[in-house]
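Notes to accompany the following structure.
The values are calculated or read from the model by the stated rules, or taken from the named source; none is laboratory data. These figures come from a predicted structure and were not determined experimentally. Every residue, glycine among them, receives a Cβ derived from its backbone with ideal geometry; neighbour counts consider all protein chains shown.
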């Protein structure tokens, strides 16, 4: 979810997706990334920026430059499958960029799904991979149902817990829709995204109930007191915590990666040491289960009935991804807005590596 | 979650698991079920009753007798795989009992996971399968990570929606733990179970916030006004709705089963017509991804740190399944409590089929 900086009073410059991609890949290459890494990280960031998920968009470029230049993330990793059986494998990402690992793993999962109907890859020795939805979408764009998970440094308490335990451990899924945009679902297993906490704080608004907790694990609606996020589910927070646990099990236990609570903070101060983040991707070939026409007819009917479902007063019923695809159309027309802090980071990066800064759109 | 009838003032009789299983299978056979169906449905119900999930325990026997005798569920189905590729298949359950279909499908998924590292089966023309956790657990008991999903007749609104759309569409997962009970997670994608709404109503207590809605889709804390359940997530209910959608996609779209909103009500009045409920099961072989010792070491550490995590004041931190396994130990010692309505149904069923009624434990 984006903080929608374009509604702030300051002037927000907009850029084309192509220009941002060129700048991101040039910056990553200058920081020490090989071509595959730069391309994968750029593609993942632009997924976020294109769809309006700005927290996982090109805002991350500054971080990625820092961790590649700092040595935490290897610019030239040698990723390899360390274990394979039939339709599954474990990828050792060699401390490379998480986006490169996840796209590579999903390619392997899709090849397996082509042959066996399903394929899955667990990933270890990886790093922050940005928007989980990017990898699920990569599968849907090639006709598969895709799933993607990852763990991350602890920030979410357990149900009835009073310390950070799981990462925000996202679950993403996507499915191909004939003649339309993919069904695209991407959620953190926390009750609220942290950037939303920051947004509510800066606006002076109370947080939604049961979404974040103070240092004692007691839920608070005061953003300034937030020390950890609550698991999804409120009074039934065991659900969010259990989903985070499922993600942890697939991404870290099954892959041999670090558990969330053993991963050093994404935000440093150490940007030189690898973190061994885990991830898990899965692809299903619909035609292995059902005639393709029947699958598409069922999905089309599901989406049509969903979008025609009666809305609550003042609300709008949408399928997962509808909001994001709508935003993507807006941004394709009028450009991708870049918040002031990210714009300043662009200036610094362009200076540091003597590469051309992208030019904002006129108007 | 059980309504814990044993805390009510009325006298609650207790029974052994073995006696309940004998009675359930005898009743199902008398109603027209073949041996496999009776055994599978009995096993699934006892999963619920053993673990304290009484809403999905032997309370369901009366319903299952009704639907088998009524013809909605075939007592002698001819289940067959209608599509297979590598590690996946689609099972046509021939309008048989959902428990038989799900155990059968999970057996197939485990055989595939043995060979390919992963296996999945989509199920159509099935029926109510009871506790989703039973099928995930069946995989964990044999050393696999198991997942089970199903759809069901509509009862949960969409995010910002004002009518019933998804079923409670559960997600269950289980993993084998060396020297301990499996990690066992089983949740509905609704914000609250309906039987909990009924319990709060009968106790005159206000529902937890943002869990259930009135006829206009507006959240209410008055159980008597509840017309539909809210999706998990409160202000972020798109998460619960999206998870329900993922379950729908795997269980119904991929299998060719009916979508939730097309499934006639579980509760009749028509008990003669098949409903074509869908489900989906998946098994992963941990050793295909990682050395078994490393997998178990990671899982053990995850669980140890989780159980030692700092609790909030007055709370207790538990892993998924811990509460249920603890209850199972209690029930193994002192018997399985049967609520008065279910006890009366036992009387009726025993009379109807002239089979011996189970005898309560003394004391």
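Does residue B:341 meet the test of being modelled with pLDDT of 95 or more, assigned to a helix (DSSP H, G or I), within 18 Å of residue B:63 (Cβ to Cβ) and assigned by TED's automatic domain parsing to the domain that holds residue B:31?
Details: modelled with pLDDT of 95 or more: no; assigned to a helix (DSSP H, G or I): yes; within 18 Å of residue B:63 (Cβ to Cβ): yes; assigned by TED's automatic domain parsing to the domain that holds residue B:31: yes.
Criteria not met by residue B:341.
Is the stretch A:32-39 home to any residue that is over 29 Å from residue B:114 (Cβ atoms), assigned to a helix (DSSP H, G or I), outside the structural domain of residue A:270 (by TED's automatic domain parsing) and in contact with a strand residue (DSSP E or B) (Cβ under 9 Å, 6 or more places away or on another chain)? I'd like the intermediate steps shown before the answer.
Pass one, the stretch A:32-39, residues over 29 Å from residue B:114 (Cβ atoms): A:32-39.
Those still in the list that are assigned to a helix (DSSP H, G or I) too: A:35-39.
If we keep only those that are outside the structural domain of residue A:270 (by TED's automatic domain parsing) as well, we get A:35-39.
Going one step further and asking which of them are in contact with a strand residue (DSSP E or B) (Cβ under 9 Å, 6 or more places away or on another chain), we end up with none.
For the stretch A:32-39, residues over 29 Å from residue B:114 (Cβ atoms), assigned to a helix (DSSP H, G or I), outside the structural domain of residue A:270 (by TED's automatic domain parsing) and in contact with a strand residue (DSSP E or B) (Cβ under 9 Å, 6 or more places away or on another chain): absent.
Residue under question is residue B:284, and the condition is that it be in contact (Cβ under 8 Å) with a residue 40 or more places away in the chain, touching a helix residue (DSSP H, G or I) at 6+ places or on another chain (Cβ under 9 Å) and within 30 Å of residue B:92 (Cβ to Cβ); does it hold? Show your work before the answer.
Numbers: in contact (Cβ under 8 Å) with a residue 40 or more places away in the chain: yes; touching a helix residue (DSSP H, G or I) at 6+ places or on another chain (Cβ under 9 Å): yes; within 30 Å of residue B:92 (Cβ to Cβ): yes.
Yes, satisfied.
Mind listing whichever residues of the stretch A:215-226 are crowded, with 16+ Cβ neighbours inside 10 Å, part of a loop (DSSP other than H, G, I, E, B) and at negative phi?
The answer is A:220, A:226.
Look at residue B:202 and say whether it is over 17 Å from the mean Cα position of the chain (by Cα) and either within 24 Å of residue A:307 (Cβ to Cβ) or surrounded by fewer than 23 Cβ atoms within 10 Å (Cβ to Cβ) (or both). Full working, then the answer.
Numbers: over 17 Å from the mean Cα position of the chain (by Cα): yes; either within 24 Å of residue A:307 (Cβ to Cβ) or surrounded by fewer than 23 Cβ atoms within 10 Å (Cβ to Cβ) (or both): yes.
Against the criterion (over 17 Å from the mean Cα position of the chain (by Cα) and either within 24 Å of residue A:307 (Cβ to Cβ) or surrounded by fewer than 23 Cβ atoms within 10 Å (Cβ to Cβ) (or both)), residue B:202 qualifies.
So which residues in the stretch B:239-260 are more than 7 Å from every other protein chain (Cβ to nearest Cβ) and under 20 Å from residue A:148 (Cα atoms)?
B:240, B:241, B:243, B:244, B:247, B:250, B:251
Within the stretch B:186-197, identify whether any single residue is more than 10 Å from chain A (Cβ to nearest Cβ) and assigned to a loop (DSSP other than H, G, I, E, B), and answer yes or no.
At the first step, the residues of the stretch B:186-197 found to be more than 10 Å from chain A (Cβ to nearest Cβ) are B:194-195, B:197.
Next, only the ones that are assigned to a loop (DSSP other than H, G, I, E, B) stay: none.
Checked the stretch B:186-197: no residue is more than 10 Å from chain A (Cβ to nearest Cβ) and assigned to a loop (DSSP other than H, G, I, E, B).
Out of B:39, B:78, report the one residue that is at pLDDT 95 or above, more than 12 Å from chain A (Cβ to nearest Cβ) and under 30 Å from residue B:287 (Cβ atoms).
Details: B:78 fails: under 30 Å from residue B:287 (Cβ atoms).
Answer to the check: B:39.
Checking residue A:123 against (1) within 20 Å of residue B:249 (Cβ to Cβ); (2) within 12 Å of chain B (Cβ to nearest Cβ), which single condition isn't satisfied?
(1)
Whether any residue in the stretch A:297-306 is away from chain B (no Cβ under 11 Å) and in contact with a helix residue (DSSP H, G or I) (Cβ under 9 Å, 6 or more places away or on another chain) is what I want to check. Please lay out each step first, then the result.
Keep residues of the stretch A:297-306 that are away from chain B (no Cβ under 11 Å), which gives none.
No, there is no match, as no residue in the stretch A:297-306 is away from chain B (no Cβ under 11 Å) and in contact with a helix residue (DSSP H, G or I) (Cβ under 9 Å, 6 or more places away or on another chain).
Only one of A:148, A:212, A:138, A:175 is within 11 Å of another protein chain (Cβ to nearest Cβ) and either in contact with a helix residue (DSSP H, G or I) (Cβ under 9 Å, 6 or more places away or on another chain) or modelled with pLDDT under 95 (or both). Can you tell me which?
Details: A:148 fails: within 11 Å of another protein chain (Cβ to nearest Cβ); A:212 fails: within 11 Å of another protein chain (Cβ to nearest Cβ); A:138 fails: within 11 Å of another protein chain (Cβ to nearest Cβ).
The conditions single out A:175.
Which of the following residues is surrounded by fewer than 24 Cβ atoms within 10 Å (Cβ to Cβ) and over 20 Å from the mean Cα position of the chain (by Cα): B:274, B:297?
Details: B:274 fails: over 20 Å from the mean Cα position of the chain (by Cα).
None of the others qualify; the one that does is B:297.
On the given criteria, is residue B:99 surrounded by 19 or more Cβ atoms within 10 Å (Cβ to Cβ), out of contact with any strand residue (DSSP E or B) (no Cβ under 9 Å at 6 or more places or on another chain) and not assigned by TED's automatic domain parsing to the domain that holds residue B:349? Let's see the steps before the verdict.
On the way: surrounded by 19 or more Cβ atoms within 10 Å (Cβ to Cβ): yes; out of contact with any strand residue (DSSP E or B) (no Cβ under 9 Å at 6 or more places or on another chain): yes; not assigned by TED's automatic domain parsing to the domain that holds residue B:349: yes.
Yes, satisfied.
Kindly indicate whether residue A:281 is under 30 Å from residue B:174 (Cβ atoms), within 20 Å of the chain's Cα centre (by Cα) and in a helix (DSSP H, G or I). Outline the logic, then answer.
Working: under 30 Å from residue B:174 (Cβ atoms): yes; within 20 Å of the chain's Cα centre (by Cα): yes; in a helix (DSSP H, G or I): no.
Here the answer is no, as residue A:281 does not meet what is asked.
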